[in-house]
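The structure appears below as C-alpha cells.
The values are calculated or read from the model by the stated rules, or taken from the named source; none is laboratory data. Because the structure is a prediction, the values reported are computed rather than measured. Here the Cβ positions follow ideal geometry from the backbone for every residue, glycine too, while neighbour counts run over all protein chains shown.
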Amino acid sequence: MDRWTPKRMKYLKRRLGLNPRTILDVGVARGTPTLYEAFPNKRYLLIEPLDVYADAIEMIVENHHATWIRKAAGAAPGNLQFHHDVAKPALSSFHDKTPLEGSSGDVRTVDVEVDTLDNIVASTSVRGPFGLKIDTEGHELDVLRGATNVLKDTEFIVAEVSVSRRFEGGYAFSEFIAECAANGFHLVDVLKIAPNRLDGPPPKFMDLFFAKKRWDADATGG
C-alpha cells in the first residue's frame, strides 16, 4: 500500500483546507517531491545533517524558496553520535539497528550537531503556519519533543513511524501517536505500510498523516 503521492496530498490539502506558509522537511535526504508538488510556491526549511546529499539539496534550494539547515533536529541541543550507512545513507540513524532492520554493513560513526526544531525555526526568518514532514530513521519522537512551540502553529504532520522494533531503545508506536495527540493532532490517513503483505510479518513502519482538523468533524467537500 502506497498512497504517499502528490495526488493524495493535494486531496488532503483540499479536503482539510490546509494552507501552510512554510514546510519543515526534517530528514530531507534526496528530497520530498510529493510535498514540493502538492505545496508549490511555499517556503521550505530543509533540515539534513549529511553532506552526502549536498548536490540533491542544493538543487532543491535552486528550484524552490528553500533554506538548508545542516543540523539534525532532536529533543535537546547538543552533539550526538550518528551511524552513517555509507552504502545506503537513507538508512543512517542515531540509533543502533535491531536484526529486523539491518544495514549495508559499512557503517561509520560521526558526530552530528543537534538542535530542537523550536530553536532551528526561531533562528530563521520562516513563519507559520507550518507543515511538518519527519523521516529520521527512529528519531521521529525526539523531533516532536523538541518542537513544542512549532507544533502550536503547525497544520499537519507527515511522518514515517516505526511499528515494529527496528531500533535499539526506540519508541513504541503508541508513544508517537500519544505525543501527536498531546499536541492536538489526530491521525487522518495512512499513506504507506511497509512491508504490506497479508501473508507476511507485521509492518516495519507506516507513513502517517496527522492534522489538527478531524476528518469526520471539520472536513468538508469530497
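Arg14 passes every criterion in (1) of a type outside the set (S, T, N, Q); (2) under 17 Å from Thr136 (Cα atoms); (3) over 18 Å from the mean Cα position of the chain (by Cα) apart from (2). Of note, Tyr44 satisfies the criterion of being surrounded by 18 or more Cβ atoms within 10 Å (Cβ to Cβ), on the phi < 0 side of the Ramachandran plot and without any contact (Cβ under 8 Å) to a residue 60 or more places away in the chain.
Might you check whether a residue that is assigned to a strand (DSSP E or B) and closer than 28 Å to Arg14 by Cα occurs anywhere in region 171-179? Among the residues of region 171-179, not one is assigned to a strand (DSSP E or B) and closer than 28 Å to Arg14 by Cα, which makes the answer no.
Conditions tested, residue by residue: (1) touching a strand residue (DSSP E or B) at 6+ places or on another chain (Cβ under 9 Å); (2) closer than 26 Å to Thr5 by Cβ.
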{"residue": "Leu80", "(1), (2)": "yes, no"}
{"residue": "Thr109", "(1), (2)": "yes, no"}
{"residue": "Ile120", "(1), (2)": "yes, no"}
{"residue": "Val143", "(1), (2)": "yes, yes"}
{"residue": "Asn149", "(1), (2)": "no, no"}
{"residue": "Glu155", "(1), (2)": "yes, yes"}
{"residue": "Val161", "(1), (2)": "yes, yes"}
{"residue": "Arg165", "(1), (2)": "no, no"}
{"residue": "Ala178", "(1), (2)": "no, no"}
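Within region 150-184, can you find the residues that are closer than 18 Å to Arg21 by Cβ and aromatic (Phe, Trp, Tyr)? Even if it seems obvious, please write down each step before you answer.
First, the residues of region 150-184 that are closer than 18 Å to Arg21 by Cβ: 150-158.
Phe156, the sole residue that qualifies.
The residue of region 47-59 that is nearest to the chain's Cα centre (by Cα), among those that are surrounded by fewer than 21 Cβ atoms within 10 Å (Cβ to Cβ) and of a type in the set (A, V, I, L, M), is Leu50. Every condition in (1) among the polar types (S, T, N, Q); (2) surrounded by 22 or more Cβ atoms within 10 Å (Cβ to Cβ); (3) in contact with a Lys or Arg (Cβ under 6 Å, 6 or more places away or on another chain) holds for Ser164 except the one numbered (2). The residues in region 139-155 that are surrounded by fewer than 24 Cβ atoms within 10 Å (Cβ to Cβ) and either of a type in the set (Phe, Trp, Tyr) or not in a helix (DSSP H, G or I) (or both) can be counted, and the count is 3.
Kindly check whether there is at least one residue in region 204-212 that is outside any helix (DSSP H, G or I), under 26 Å from Phe82 (Cα atoms), touching a Leu at 6+ places or on another chain (Cβ under 9 Å) and free of Cβ contacts under 8 Å to residues at least 40 places away in the same chain. Write out each step before concluding.
Keep residues of region 204-212 that are outside any helix (DSSP H, G or I), which gives 204-212.
Restricting the remaining residues to those that are under 26 Å from Phe82 (Cα atoms) gives 204-208.
Next cut, touching a Leu at 6+ places or on another chain (Cβ under 9 Å) only: 204, 206-208.
Retained after the next criterion (residues that are free of Cβ contacts under 8 Å to residues at least 40 places away in the same chain): none.
Looking for residues that are outside any helix (DSSP H, G or I), under 26 Å from Phe82 (Cα atoms), touching a Leu at 6+ places or on another chain (Cβ under 9 Å) and free of Cβ contacts under 8 Å to residues at least 40 places away in the same chain, one finds none in region 204-212, hence no.
Any residue at all in region 83-103 that is farther than 24 Å from Ala211 by Cα and modelled with pLDDT of 95 or more?
No, region 83-103 has no match at all.
Scanning region 167-203 for residues that are surrounded by fewer than 13 Cβ atoms within 10 Å (Cβ to Cβ), in contact with a Lys or Arg (Cβ under 9 Å, 6 or more places away or on another chain) and of a type in the set (A, V, I, L, M, F, W, C) gives a single hit, Ala172.
When you scan region 19-124 for helices (runs of 4 or more DSSP H) that lie fully inside it, which ones turn up with 3 or more residues that are farther than 24 Å from Gly146 by Cα? Break it down into steps so the answer makes sense when it comes.
On the way: elements: 33-38, 54-63, 117-122.
Once the helices (runs of 4 or more DSSP H) in region 19-124 are filtered for at least 3 residues that are farther than 24 Å from Gly146 by Cα, what remains is 33-38, 54-63.
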